[in-house]
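Q: Can you keep this structure in mind? I'll have questions shortly.
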Amino acid sequence: MRSYVNDVMFGKTTKLKLVGKGRKARSVSIPGNCAKILRDYIVGARGLDICGERDKLRHVFPTQTHEKMSISCVEEVVKKYVAIAKKAHPSLFRQNRYSPHSFRHSIAVHMLECGESIAVIRAFLGHASIATTMIYASVTPEIANKYLKDRDIGIETLKDATSKKEQSGLLSFLQKSKLD
């Protein structure tokens, strides 16, 4: 994935143009506090002109040689900062290894936990199909109970819905009932 300075559109709502697999492009909004940090980084730390022609095709996050970051470069950055965070807060880490991809999975699960619809999560992740998003959005009994409670279905607990197939089917049912 590449990100150039002209892929960041600062404004009342700041949007990022993201280009992923298959060169599919999508636009995502970022919160104002993140936009300020990004602007400060691009303009202040990097000294780039966000409005002019001179820097529009410069990479937002370059390597030391100012080339675009490779997948292995991103993996090394994540590995480095996960190690630092683990050292400072070891009790917060349940797994031995974390990949950049694990962050995609985590955000999908957290969005579900906050009550976001699977359609919004699909758009956020840039998936063409909701079926692809379902892989990321595992349903825990807590999430299922929240959806059931929100829909006043009357079931307070969920028993043994732990297999991926059961979770996927349950989420499909809950999402359909939310859309109706």
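Q: Can you pull out the trypsin sites (Lys or Arg not before Pro) in the range 94-129 whose DSSP state is coil and whose Cβ has at most 14 other Cβ atoms within 10 Å? Kindly include the intermediate steps, with their values, before the conclusion.
A: On the way: sites: ARG94, ARG97, ARG104, ARG122; in loops: ARG94, ARG97.
For trypsin sites (Lys or Arg not before Pro) across the range 94-129 that sit outside H, G, I, E and B with at most 14 neighbouring Cβ atoms in 10 Å, the list reads ARG94, ARG97.
Q: Share of the range 1-144's accessible area from carbon and sulfur, percent, 1.4 Å?
A: Details: 5690 of 9720 Å².
For the range 1-144, the apolar C and S fraction of the accessible surface comes to 59 percent.
Q: How high is the relative contact order of the range 1-147, in percent, counting Cα pairs under 8 Å that sit 6 or more residues apart?
A: Values: 130 pairs, mean separation 22.4, N = 147.
Contact order relative to length: 15 percent.
Q: Would you kindly state how much longer the chain becomes between ILE50 and PHE93 on full extension, computed as 0.36 nm times their sequence separation minus their alpha carbon distance, in nm to one decimal?
A: Working: separation 43, 0.36 × 43 = 15.48 nm, distance 3.75 nm.
Net length gain for the segment: 11.7 nm.
Q: Restricting attention to the range 1-110, which GluC sites (Glu not before Pro) occupy a DSSP loop and are surrounded by at most 16 other Cβ atoms within 10 Å?
A: On the way: sites: GLU53, GLU67, GLU75, GLU76; in loops: GLU53, GLU67.
Here the GluC sites (Glu not before Pro) that fit, given the DSSP loop and packing criteria, are GLU53, GLU67.
Q: Under a point spin-label approximation (7 Å from Cα along Cα-to-Cβ), what is the ASN33-SER102 distance to one decimal in nm?
A: 2.5
Q: Calculate the spin-label point distance for ARG23 paired with ILE84, positioning each point 7 Å from the Cα along the beta-carbon direction, and give it in nanometres.
A: Inter-label distance under the simple model: 3.6 nm.
The values are calculated or read from the model by the stated rules, or taken from the named source; none is laboratory data. Computed from a predicted model, the values in this text were never measured in an experiment. For neighbour counting, all protein chains shown are included, and Cβ atoms are generated from backbone atoms with ideal geometry for every residue, glycine included. We work out accessible area using only protein heavy atoms, side chains counted, and drop any ligands, DNA or RNA first. Shrake-Rupley method; radii C 1.70, N 1.55, O 1.52, S 1.80 Å.
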